[in-house]
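Peer 1: Take a look at the following structure, please.
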Amino acid sequence: MVTEIRSVTTQNVKEILALQIADEQKGFIESIPECLEEAEEDQRFIPLGLYQNQIAVGFAMYGVFNGELWLDRFLIDEHVQGQGLGRHFLKKIIVALQQKYPCTEIILSVYPNNSGAIHLYESIGFAFTGNSDGNEKIMRLTRQVDTNLEL
């Protein structure tokens, strides 16, 4: 299996827009069109396509805001959830971001009732900070992740 992270461009945007999450997850993340519109309006957001064997299977978006590196969006298509791709790509994104930016922390926010995402983030090493971003709780990763990217 070959996985890769690609920039979202005019060549692959239709593939990215076709990704879907389960109905019960829709309240936890903005739609991909909303994310891409936000990235168009604010160039600090960097949208990414997540690919397995040349097929789009996920989406992520990050940015640096006030000197802090945020993993702002992360999703795996509902048709391939439960296969370990979330964990795999989360690690892969973190490793890429830690190589690209001279930072010691990566920050994200999550709804407190999104137990699946919280479990995933904690298993990678994110921990709650005690702070909030609106209705979402902020989590922070302050160490290098295990670079074993096998599924």
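Peer 1: Residues in region 12-27 that are part of a helix (DSSP H, G or I) and more than 13 Å from L50 (Cα to Cα): how many?
Peer 2: So the count comes out to 6.
Peer 1: Which one is nearest to A18 (Cα to Cα) among residues in region 77-96 that are crowded, with 20+ Cβ neighbours inside 10 Å and without any contact (Cβ under 8 Å) to a residue 40 or more places away in the chain?
Peer 2: This residue is G86.
Peer 1: Considering only residues of region 73-106 that are part of a loop (DSSP other than H, G, I, E, B) and under 23 Å from P33 (Cα atoms), which is modelled with the lowest pLDDT? Outline the logic, then answer.
Peer 2: Filtering region 73-106 down to residues part of a loop (DSSP other than H, G, I, E, B) leaves 77, 81-84, 101-105.
Pick out the ones that are also under 23 Å from P33 (Cα atoms) and you get 77, 81.
Numbers: D77: 95, Q81: 92.
Result: Q81.
Peer 1: Same structure again: Pick from region 20-38 the residues that are hydrophobic (A, V, I, L, M, F, W, C) and within 14 Å of the chain's Cα centre (by Cα): which of them is nearest to V80 (Cα to Cα)?
Peer 2: So, considering only residues that are hydrophobic (A, V, I, L, M, F, W, C) and within 14 Å of the chain's Cα centre (by Cα), the one nearest to V80 (Cα to Cα) is I21.
Peer 1: Which one of these is of a type in the set (D, E), surrounded by fewer than 19 Cβ atoms within 10 Å (Cβ to Cβ) and in a loop (DSSP other than H, G, I, E, B): E40, E30?
Peer 2: From the options E40, E30, the qualifying one is E30.
Peer 1: Kindly indicate whether any position in region 58-68 is part of a helix (DSSP H, G or I) and not acidic (D, E).
Peer 2: No: region 58-68 contains no residue that is part of a helix (DSSP H, G or I) and not acidic (D, E).
Peer 1: Go through region 54-72 and give me each residue that's loosely packed, with under 14 Cβ neighbours inside 10 Å and either of a type in the set (F, W, Y) or modelled with pLDDT of 95 or more (or both). It would help to see each step written out before you state the result.
Peer 2: In the first step, residues of region 54-72 are kept if they are loosely packed, with under 14 Cβ neighbours inside 10 Å; the result is 54-55, 65-68.
Answer for region 54-72, where residues must be loosely packed, with under 14 Cβ neighbours inside 10 Å and either of a type in the set (F, W, Y) or modelled with pLDDT of 95 or more (or both): Q54, I55, F65.
Peer 1: Next question, about the same structure. Hey, among the residues in region 1-14 that are in contact (Cβ under 8 Å) with a residue 24 or more places away in the chain and out of contact with any Gly (no Cβ under 7 Å at 6 or more places or on another chain), which one's least open to solvent (accessible area, probe 1.4 Å)?
Peer 2: T3
Peer 1: Further question on the same structure: Does region 17-24 include one or more residues that are more than 25 Å from I107 (Cβ to Cβ), among the polar types (S, T, N, Q) and open to solvent by less than 20 Å² (accessible area, probe 1.4 Å)?
Peer 2: No, region 17-24 has no match at all.
The values are calculated or read from the model by the stated rules, or taken from the named source; none is laboratory data. In this text, all values refer to a predicted model and were calculated from it rather than measured experimentally. Note that we place each Cβ from the backbone using ideal geometry, even for glycine, and neighbour counts take in every protein chain shown. Protein only, heavy atoms only, side chains kept; ligands, DNA and RNA dropped before computing areas. Shrake-Rupley method; radii C 1.70, N 1.55, O 1.52, S 1.80 Å.
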